[in-house]
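Note sheet for the following structure.
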Amino acid sequence: MCRGTHYVQHVSMICSAMTLTTMSIERFIAIRFPLRARSLCTKRHARVVISVTWVTSFVAAVPIIFVIKHHPVGQSFEHFWCVKWFPDMPLLGRAFELYMLAIMLILPCLVMVITYTWIANIIWHVATRRADMRSGSCISENLEKSSVANGTSNGVQMTPTTDRTSRATPVVPLTSPLAVCPSTKAYVDDDRTRKQVVMMLMVVVVLFAVCWTPLLVNNLLTAFDVIDHLHVGALKPLRIAFHILAYANSCVNPFVYAFMSKNFRDGFKQSVLACLRGSEYLMRSKSRYLTSTTRASTSNSADVVRQVTHRTDSLAMRRSSDLL
């Protein structure tokens, strides 16, 4: 039971870290390769990945069996202490703690930092592009390229005047980004969304590192005799706090999603209401959401058209006055 209990605990620890790492890879594939993800991110492949994760965790936790001991303690009465004990083989204990630090902290954090950084970069550029498309400035930017062949430079057309100085008067063409005023609300909404998603991904990685680093570093320092292995005095409650902090990482992520993701909160609310009021209520809510989204998109498009028309009329009047 001594070895079995610690073995199961380490299996759970390794599986938790591997699950978070696998989720980051799955999110990266889904966002970086959306078309390929349809064939890769399936339920069948998810079952395979889950099975491989558990099997790997059981195998990776095997070394704990060789370092855990049922050690006798006590002077008046004989007691036993189930602890990692390697006084005759200190190199074995140090190698084991370095091994746990690598598979529990260094490798998972490295993979999550790379994948989530890439995801954040993609989300940032996609959100910016979508805001440009919604505001209409993307259209103006594309049309601006054709203005070079029509005698414009840097998006500004130089129209000669009839005054004595013969200076050129800058006229903002229709193809300039200034011709279509971007929708402030669209930019604000998309900017808030991308910042929220990027921040949430960063918090997930930071919380994982914060929750697991104290315990793993404490074990490493104990193995290298920097900290007494009995953890006397204040070290004992501190070690207990490190264990609680490590366990807390298993339940903290849902709270992170709930507090930092409006989509998560809305989805959770809809799920609860669907359970209480039935599936018909959920269908009506989706119908109302699609209707409001369509109306907002139509209204935004109409605003862009009105802006383009207004700029065109102003440009025509300005050109007429220049010719006169």
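Structure values in brief
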quantity: Test: VAL210 is open to solvent by 60 Å² or more (accessible area, probe 1.4 Å), at pLDDT 70 or above and more than 30 Å from TYR116 (Cβ to Cβ); calculated: no
quantity: Matching residues, the stretch 87-105, being without any contact (Cβ under 8 Å) to a residue 24 or more places away in the chain and either closer than 22 Å to GLY4 by Cβ or touching a Phe, Trp or Tyr at 6+ places or on another chain (Cβ under 6 Å) (or both); calculated: MET89
quantity: Where THR222 falls short, out of the listed (1) more than 32 Å from the chain's Cα centre (by Cα); (2) open to solvent by 60 Å² or more (accessible area, probe 1.4 Å); calculated: (2)
quantity: Only listed residue being part of a helix (DSSP H, G or I) and open to solvent by 80 Å² or more (accessible area, probe 1.4 Å), chosen from TRP81, TRP54; calculated: TRP54
quantity: Subset of the stretch 8-17 [open to solvent by 50 Å² or more (accessible area, probe 1.4 Å) and touching a helix residue (DSSP H, G or I) at 6+ places or on another chain (Cβ under 9 Å)]; calculated: GLN9, SER12
quantity: The stretch 29-45, subset touching a residue at least 12 places away in the same chain (Cβ under 8 Å) and part of a helix (DSSP H, G or I), residue surrounded by the fewest Cβ atoms within 10 Å (Cβ to Cβ); calculated: ARG32
quantity: Some residue of the stretch 33-48 being over 25 Å from THR5 (Cβ atoms) and among the β-branched types (Val, Ile, Thr); calculated: yes
quantity: Cβ pairs under 8 Å, 6+ apart, first in the stretch 255-278 and on the phi < 0 side of the Ramachandran plot, second assigned to a helix (DSSP H, G or I) and hydroxyl-bearing (Ser, Thr, Tyr); calculated: PHE264/TYR257; GLN270/SER285; LEU273/TYR281; LEU273/SER285; ALA274/TYR281
quantity: Of the criteria (1) at pLDDT 80 or above; (2) closer than 27 Å to MET202 by Cα, which one CYS275 fails; calculated: (2)
quantity: Qualifying positions in the stretch 57-68 - open to solvent by 50 Å² or more (accessible area, probe 1.4 Å) and within 29 Å of the chain's Cα centre (by Cα); calculated: PHE58
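Rundown of residues vs (1) at pLDDT below 85; (2) open to solvent by 80 Å² or more (accessible area, probe 1.4 Å); (3) aromatic (Phe, Trp, Tyr); (4) outside any helix (DSSP H, G or I), yes/no style:
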position	(1), (2), (3), (4)
LEU216	no, no, no, no
GLY233	no, no, no, yes
SER250	yes, yes, no, no
SER299	yes, no, no, no
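The values are calculated or read from the model by the stated rules, or taken from the named source; none is laboratory data. Quick caveat: nothing in here was measured; it's all calculated off a predicted structure. Don't worry about glycine lacking a Cβ; one is built from the backbone with ideal geometry, like all the others, and counts go over all protein chains shown. The protein model used for the area step is the full one, side chains on, heavy atoms only, and it has no ligands, DNA or RNA in it. Shrake-Rupley method; radii C 1.70, N 1.55, O 1.52, S 1.80 Å.
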